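Report on the following structure.
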Amino acid sequence: MKPHHNRLLNGVMVFAGDFDERDLETARRTYPGRRPVLNADGGLEVHPAGPGALTPLVNRAVGVPEPEDGA
């Protein structure tokens, strides 16, 4: 992973750049117990562990709709 920059937003590590599924798997191994997710703009977010569905912070900011249950 080679981020352009990173920051902490509401307790979530946010890495800006152009990431893919390989980077997502690397983040899973690098941050065990946390929940990494690719967001709508190609960035990578590493959320604290927790139950329930996960909506990337960037997706919320740009108005990407929440996934339907079972999607």
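The values are calculated or read from the model by the stated rules, or taken from the named source; none is laboratory data. Not measured: the values here are computed from a predicted model. Just the protein is used for accessible areas: all its heavy atoms, side chains included, with ligands, DNA and RNA removed. Shrake-Rupley method; radii C 1.70, N 1.55, O 1.52, S 1.80 Å.
The slack between Glu21 and His5, meaning 0.36 nm per residue of separation minus the straight C-alpha distance, is 3.9 nm. Counting only protein heavy atoms and a 1.4 Å probe, region 6-47 has 58 square angstrom of accessible area per residue.
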